[in-house]
Amino acid sequence: MGEYLLLRLYGPMASWGGIAVGEVRPSDVHPTHAAMIGLLAAALGIRRQQEEALTALAEGYAMAVRVDAPGVLLRDYHTVQTPSAVDMKGRPRHCRSDQLVVPRHQLKTLLTTREYHCDAWYTVALVGRAAAPHRLSQLASALENPCFPLYLGRKSCPLALPLQPQVVEAATLAEAFGLVRFHEERFFQIQGRGWTGRDRVWPLSSESPTVHWDPVLDGEGLEPLLSIVRRDHPLHRRRWQFAERPERHGRLTPPAMAGD
């Protein structure tokens, strides 16, 4: 038997930033590794400049995500006013308000497109590695009583329901997914959305929910269908540097969905 920390992510909007080039700010279809490390860091009270603590979090846990509902893609046409690098020379850059002290005629207007997933629902599982800096029970406690506000990728994407973190003991990760229960499942079922055992009550395009996981979790009762490489492993927060990370895409086996 192993221990798994499971939590539910749900909100009116979520944005899981992918590789951004130019004016387009895309969102992945499920939470990135960097986003989950940021969520844990905010809950624990770890600040952005604490590079060693952030690195320990990034290296200490394997992650899997079950996409219970993919949501509806929203593209937002966004305008941003910002000064040029020359105008900001010698000025503080701690926050957005520091940029707006520049005279109005020196501000430039940038046009961007930002992606969000509306009404998406994810079940996230975390598994501690040998070098994990915190026990799963400590992470669960921090997520229930976070030091800093928690968001679904962006500050404009607050949580709509509690995370309800739970440490589950199970033989495999697939079994843990099948055992976890959240208080609002009946609420979603009444609305015609959600999962209840084998019954699919949240409209999806496939017969079973998609699961994404780190390769170290292979053999945990999940059926891999595809392997990809993602650049979402945080290396340096202040420089916005990320490393490549392999990831499996697949699905749960039927026994895990039944919660047996």
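Some values worked out for this structure:
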{"quantity": "Sequence of Tyr151, Tyr4, Tyr77 from largest to smallest accessible area, 1.4 Å probe", "calculated": "Tyr77, Tyr151, Tyr4"}
{"quantity": "Table column - 3J(HN,Hα) (Hz), segment 107-121, Karplus curve with 6.51, -1.76, 1.60, x for Gly and Pro", "calculated": "7, 9, 9, 10, 9, 10, 10, 10, 9, 9, 10, 8, 6, 8, 9"}
{"quantity": "Heavy-atom accessible area order for Trp240, Trp16, largest first, 1.4 Å probe", "calculated": "Trp240, Trp16"}
{"quantity": "Diffusion coefficient, µm² s⁻¹, Stokes-Einstein with Kirkwood Rh over alpha-carbon pairs of the chain at 37 °C and 0.692 mPa s", "calculated": "167 µm²/s"}
{"quantity": "Calculated Rg and Dmax of segment 42-159 using C-alpha coordinates, Å", "calculated": "19.0, 55"}
{"quantity": "Accessible area, probe 1.4 Å, largest first, for residues Val101, Val80, Val124", "calculated": "Val101, Val80, Val124"}
{"quantity": "DSSP bridge pairs, the chain: antiparallel proportion in percent, nearest 5", "calculated": "95 percent"}
{"quantity": "Cα-centre dipole for the chain with unit charges at Cβ (Lys and Arg positive, Asp and Glu negative), debye to 20", "calculated": "1320 debye"}
{"quantity": "Over the chain, relative contact order from alpha-carbon pairs under 8 Å, at least 6 apart, %", "calculated": "29 percent"}
{"quantity": "Within the chain, helix-based [θ] at 222 nm, where runs of 4 or more DSSP H residues each add -39,500 (n - 2.57), nearest 500", "calculated": "-5500 deg cm²/dmol"}
{"quantity": "Trypsin sites (Lys or Arg not before Pro) restricted to segment 49-104 and DSSP loop, no more than 15 other C-beta within 10 Å", "calculated": "Lys89, Arg93"}
{"quantity": "Positive-end extreme of charge dipole, segment 94-141 - chosen from Ala140, Ser97, Val127 (charges on Cβ)", "calculated": "Ser97"}
{"quantity": "FRET efficiency, Ser97 to Ser156 (Cβ-Cβ, R0 22 Å, nearest 0.05)", "calculated": "0.80"}
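The values are calculated or read from the model by the stated rules, or taken from the named source; none is laboratory data. The structure presented is a predicted model; accordingly, all values stated were derived computationally and were not measured. Note: ideal-geometry Cβ built from the backbone for every residue, glycine included; neighbour counts use all protein chains shown. Surface accessibility is based on the protein's heavy atoms, side chains included, excluding ligands, DNA and RNA. Shrake-Rupley method; radii C 1.70, N 1.55, O 1.52, S 1.80 Å.
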